Amino acid sequence: MKILALSDKECPMLWDYLDRRRLEGVGLILSCGDLDPRYLSFVATFAHAPVLYVHGNHDDRYADVPPEGCICVEDQVYVHQGIRILGLGGCLRYKQQGDHQYTQGQMDRRVRRRRWELWRRGGFDILLAHAPAYGLNDGDDLAHTGFDAFNGLMDRYQPRYFVHGHIHMNYGAEIPRHSAYKDTQVINAYETYTFEY
């Protein structure tokens, strides 16, 4: 299955200029957050695939203007054509105000609350998150530090893919688009990234 991942920056070829070739053959669209909800609604209108999303740290506006025609998979395992997707949005808390920010302990508790569902479903295939994992292509500042809990999830369940955003490609030339953590392929979905499942 061809999967289109989106995050952090609206792609002009999908929104401003709509090059429909970008959506050809796409069977699933995953949003890692920090995107205008109208953009996701627009993509959902023209795609022949479901658009699944988690929240980024700048997605407080989704409470008032949710992305229409899209499915929020926050804090659940969503199954699409046999692919089990675990959604855990947000980033490390770096200020007092703001939704979708969590301490390391809060993210650990979110993961623990999924334990029964993960056992029942036999694990998951794709971890869909906004933030990266701790020490794995994350940033040096508090706002861009990754979550320990994601490393633990990959250690325990060995998903095929971990798709995240939050780390913009323009933060530095050394930021990888694609890397690996043991048997898990790690994808930074900044703007757009297409991969095959």
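The values are calculated or read from the model by the stated rules, or taken from the named source; none is laboratory data. What you see is a predicted model; the values in this text were computed from it and never measured. Because the Cβ atoms are built from the backbone with ideal geometry, glycine has one as well, and the counts that use them run over all protein chains shown. What goes into the accessible areas is simple: the full protein's heavy atoms, side chains included, and nothing from ligands, DNA or RNA. Shrake-Rupley method; radii C 1.70, N 1.55, O 1.52, S 1.80 Å.
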Inset, instruction - Could you please find all residues in the stretch 1-25 being under 20 Å from the mean Cα position of the chain (by Cα), open to solvent by less than 40 Å² (accessible area, probe 1.4 Å) and at pLDDT below 95? - result: Cys11, Leu14, Leu23
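Yes/no matrix, rows are residues, columns are (1) without any contact (Cβ under 8 Å) to a residue 40 or more places away in the chain; (2) among the aromatic types (Phe, Trp, Tyr); (3) under 21 Å from Ile3 (Cβ atoms):
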| position | (1), (2), (3) |
| --- | --- |
| Leu52 | no, no, yes |
| Asn57 | no, no, no |
| Ile71 | yes, no, yes |
| Val77 | no, no, yes |
| Gln81 | no, no, yes |
| Leu88 | no, no, yes |
| Val111 | no, no, no |
Inset, instruction - Please name all residue pairs, on different chains or six or more residues apart, with Cβ atoms under 6 Å, provided the first residue is in the stretch 157-171 and is touching a residue at least 12 places away in the same chain (Cβ under 8 Å) and over 18 Å from Val54 (Cβ atoms) and the second residue is surrounded by fewer than 16 Cβ atoms within 10 Å (Cβ to Cβ) and not β-branched (Val, Ile, Thr). - result: Gln158/Asp183
Inset, instruction - Given the conditions (1) modelled with pLDDT of 95 or more; (2) open to solvent by less than 70 Å² (accessible area, probe 1.4 Å); (3) outside any strand (DSSP E or B); (4) of a type in the set (A, V, I, L, M, F, W, C), report the number of the one that Leu28 does not fulfil. - result: (3)
Legend entry - Residue check, Gly69 out of contact with any Asp or Glu (no Cβ under 9 Å at 6 or more places or on another chain), of a type outside the set (Asp, Glu) and assigned to a helix (DSSP H, G or I): no
